[in-house]
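So the structure is just underneath, and the comments pick up after that.
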Amino acid sequence: MKTVVGKVVVLGYQGVGKTSTVIRYVENTFTKQIAPTVGASFFTRKIRVEDTVVTLQIWDTAGQERFKAMAPMFYRNANAALLIFDITSKTSFESMKGWVQELKGNVEEPMVLVVVGNKIDLAAKREVSRDEALQYSKSIGASYLECSAMTDQCTLADKICAEIVLLLFQGVGVIFDKIAIGLLSLSGQNVAHTLKVYDNEIMAPSSELEATDTANEETVNISIKSIAHGRSVGWKCC
Amino acid sequence: MSSNVELEPGVTPESGLVTTDSFDNLGQMGSSLEEIKSASAVSQSQESNESNSHYDEFDESPNCMETTAKEDADLEEYKEWANKKNHVFVLSLAGKPIYSRHGNEDKLAWLFGVMQTLVSFVQSNDDCITSIQAGDTVFIFLVKRPLIMVAVSKTQDCIYQLISQLNYVFNQITSMLTLTRLNRIYEQRQNYDLRRLLSGVERLIDHLLDFSEMEPSFFLGAVQCLSLATSIRDSISSTIVSACSKIKNLVFAILLADNKLITLVRMKKYYLHPADLHLIFNLVQASESLKNSESWTPLCLPHFDPSGFLYGHVSYLSEDCQACLLLLTVERDIFFTLSEAKQRIVEKLRRGNCLQAINESLNAKEDTCANAGFTELRHYLYKCKSTAQFYQPSLSPPYVLSKQRLIDLYKRAYQRLHCTTRPLKLLFERSSDEVILAWDTKGFELYIIFEPLIDTTSAISLVTKLLNWIKKKEERLFHLTSPTFLK
Ligand SMILES: Nc1nc2c(ncn2[C@@H]2O[C@H](COP(=O)(O)OP(=O)(O)O)[C@@H](O)[C@H]2O)c(=O)[nH]1
Ligand SMILES: [Mg+2]
């Protein structure tokens, strides 16, 4: 089976929920009192997209300023960037834009960009509107999604709001599915030289496929059709 | 008193830990005390008056005002804050708040101002303030450029231990930034707010302070090892050595569990200082997040080299074996090389039943004194000086529920043995609650708590018996080899 191995870097201001989002994805758990990330944490996860296995090598970076000098190490060879901000913090949105600038200035290879507004369970305290986030994401060629790493569910208000919102918000899993699909299409275009593509799993060096003892290694099956839309809708919300 | 044991337990020709007493805090303790003695004769009395008046002012002023509900609440909060036993503050030379153990630094700006003024006032006379005694409260100042650390304590904790604690705090900050960077920051901007760079580190400092107050390892300047059969420990070490045989520039591999060292493999010629190891233990204990994944983090070990970072691959061995492995290198981008090495290590340890052996030891806990056949002993600490390792049995009543009291007994005994003015070789002290014996020899230190009714002769014969017991078990209790990497 065709295999794509892509590096994903998770960037964003400290405390926006980068680690929580990744943990929600790989373990489906949430810890309120999660300790700040030390340096950067590495996770791997496989997603099956139709007849291809996409292995995501996820680098969850620490947002603290003192680790800033380390960031290039993680985004330099990345094929996808997950840019997270906290919808209740304008500062975190601005900081996220800073990361985008840094990526644009330092990474030449094409990258799958996904912007995520986290903590929508705190919608009452929202400081960054969907419109603004969407406009911005469009302008940099990124997808935009919202989630709550805490509840991993839509708020009731959102459900009532509109179907469109449901497309925008589909849970943490969708974020990573989107990345996997993005990587797959990137591999098809043959433009990203650091993205590794193997015709079958056996050819891939073991280090790139084997799970680490502590990382989660289930394969998830998804189909492109089931989630590929959601970007082309006109974005307007209550 | 002399023991019949030929070689003290735990001795080994070479140890991976630095074993001289050259703790920077120890060195400083000596000179600080000299300074206290010579400098404080004049400045101390002045300063204590001064600080008293400050405190009187703040104690009384709220009473003179008409208080509203909010002020009442503030006053309550203030009182609660003021009553904390041990305060620790960190500030820049310019007086900018960096850390306060209790309370919010911003609300305490006035206090940081006072502390900075005291330091610079004494400095302007080419002198250095070291401590102030005000009633039952002692104020310790440690000026380590570019930071000022202050401890305020109402406990009977000895000055050495407070200074040592402040040194640890300084080293904790250094280990996150490196001393070089810290200095550069303040050279460029005296008024820099360091908290920007230290977000998340407050938690580590909080944990370090609690940790250092509760763990004998800190005042002993030693580490405890996980009890393991020699064959197992050796096989763990050699597994690490062989899995890393092709990796250049790996400096240390450290395997630890439950705050105990399992093994330490080092690069030839380099040693790890126990105080650096304590920072590593603290980091691992305070960072739950390390459990979920493999991490890659820069880490400066101030005793090893305060000017630069090592890079650490940090991971737990596996879900079914909660021992934490740190592979520390000078290369900043060999995460994947180390990740593969870790994989090999785990597989081999699993096949060799070492993971199981580690788990068994973790589950079994150490013997209590009674289990080991020493019914008149309640607890003890044995430190082998030449290896910087110590051993203690599991807690048993009456200290299970009052560990703090036990630790305080030990700290006091330690202080009596090591006080620079009148150090003791042997201490035997009887109270209605217990008998404590502390003995400092060339090779080891021993602190024993006996039942209160024990007579002196049996106490002494028990010491010999205990030393023999430890000697017999030394291969399990201590890490007696000092494995090195091949490259
Ligand atoms: N209410 C809410 N809190 C969250 C959410 N995600 C994370 N948090 C909290 O935000 C804090 C920081 O989370 P963390 O994942 O460590 O952020 P990171 O620094 O970006 O990795 C923690 O206290 C989390 O519990 C969320 O979706 N909703
Ligand atoms: Mg994090």
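The values are calculated or read from the model by the stated rules, or taken from the named source; none is laboratory data. Here the structure is a predicted model, which means the values were calculated and not measured. All Cβ positions, glycine included, derive from the backbone under ideal geometry; neighbour counts span all protein chains shown. Just the protein is used for accessible areas: all its heavy atoms, side chains included, with ligands, DNA and RNA removed. Shrake-Rupley method; radii C 1.70, N 1.55, O 1.52, S 1.80 Å.
Check the straight Cα-Cα distances from A:Lys125 and name the lysines below 23 Å, setting aside those fewer than 8 residues away within the same chain.
A:Lys18, A:Lys32, A:Lys90, A:Lys97, A:Lys159, A:Lys236
Which order, highest average first, do B:367-373, B:286-292 follow once you tally other Cβ atoms within 10 Å for each residue and take the mean per peptide?
B:286-292, B:367-373
Reported to two decimal places, what Rg/Rh ratio describes region B:55-196 when computed on Cα atoms with Rh from the Kirkwood expression?
Result: Rg/Rh = 0.99.
Please pull out the direction-averaged projected area of region B:175-260, using the convex hull of its alpha-carbon atoms, in nm² to one decimal place.
8.9
Along the charge dipole of region B:55-196, Cβ charges K/R +1 and D/E -1, which of B:Ser100, B:Gln133, B:Pro146 sits furthest on the positive end?
The one lying farthest along the dipole's positive direction is B:Pro146.
Once the dipole of region B:207-323 is set up with Lys and Arg at +1 and Asp and Glu at -1 on Cβ about the Cα centre, which of B:Cys244, B:Ala323, B:Ile262 lies farthest towards its positive end?
B:Cys244
Could you sort B:414-427, A:9-22 so that the peptide with the highest average Cβ count within 10 Å comes first and the rest follow in order?
Averaged packing, sorted descending, gives the order A:9-22, B:414-427.
Which of the peptides B:338-347, A:73-82, B:446-455 is most tightly packed, and how do the rest follow, judged by the mean count of other Cβ atoms within 10 Å per residue?
A:73-82, B:338-347, B:446-455
Over the residues of region B:367-474, compute the C-alpha Rg and express it relative to 2.2 N^0.38 Å.
Its radius of gyration relative to the 2.2 N^0.38 Å reference: 1.01.
So for A:Asp60, B:Asp127, what's the accessible-area order with a 1.4 Å probe, most first?
The ranking, largest first, comes out as B:Asp127, A:Asp60.
So how tilted is helix B:274-286 from the main axis of chain B? Cα-based, degrees 0 to 90, rounded to 10.
80
Charges only on Cβ, +1 for Lys and Arg, -1 for Asp and Glu: so what's the dipole of region B:55-196 about the Cα centre, in debye to the nearest 20?
1060
Just how large is the dipole of region B:247-294 about the Cα centre, in debye to the nearest 20, putting +1 at every Lys and Arg Cβ and -1 at every Asp and Glu Cβ?
340
How high is the relative contact order of region A:1-146, in percent, with contacts defined as C-alpha pairs under 8 Å that are six or more residues apart?
Relative contact order for region A:1-146 comes out at 27 percent.
Hey, what did chain B get for relative contact order, percent, Cα under 8 Å, at least 6 apart?
The value is 20 percent.
Can you compute the charge dipole magnitude of chain B about its Cα centre, using +1 on each Lys and Arg Cβ and -1 on each Asp and Glu Cβ, nothing else charged? Give it in debye, rounded to the nearest 20.
Dipole of chain B, to the nearest 20 debye: 2240 debye.
Output the relative contact order of region B:348-472, whole-number percent, from Cα pairs under 8 angstrom with separation of 6+ residues.
Here the relative contact order equals 22 percent.
Sort all Cα-Cα distances of chain B into consecutive 20 angstrom bins from zero, then give the percent of pairs in each bin up to the one containing the longest distance.
22, 52, 25, 1
Counting helices only, and only those DSSP H runs with n ≥ 4, report the 222 nm mean residue ellipticity of chain B as the sum of -39,500 (n - 2.57) divided by its residues, in deg cm²/dmol to the nearest 500.
Value at 222 nm, helices only, nearest 500: -14500 deg cm²/dmol.
Once you average over the residues of B:293-302, how many Cβ atoms of partner chains fall within 10 Å of each Cβ?
Mean number of neighbouring Cβ atoms from other chains: 6.
Quick one: pull the percent of accessible area on region B:165-303 belonging to carbon and sulfur, 1.4 Å probe, ligands and nucleic acids left out.
So the carbon and sulfur contribution to the accessible surface is 47 percent.
I'd like the mean, over residues of B:192-202, of how many other protein chain beta carbons sit within 10 Å of each residue's own Cβ.
Going residue by residue through B:192-202 and averaging, the value is 3.
How shielded is A:30-37 by partner chains, expressed as the average number of their Cβ atoms within 10 Å of its Cβ atoms?
Across the residues of A:30-37, the mean count of other-chain Cβ atoms within 10 Å is 4.
Projecting each Cα onto the charge dipole of chain B (Lys/Arg +1, Asp/Glu -1 at the beta carbon, about the Cα centre), which of B:Leu111, B:Leu453, B:Asn468 comes out farthest on the positive side?
B:Asn468
If you take all C-alpha pairs in region B:211-267, what percent of them are over 14 Å apart?
In whole percent, the long-distance tail amounts to 61.
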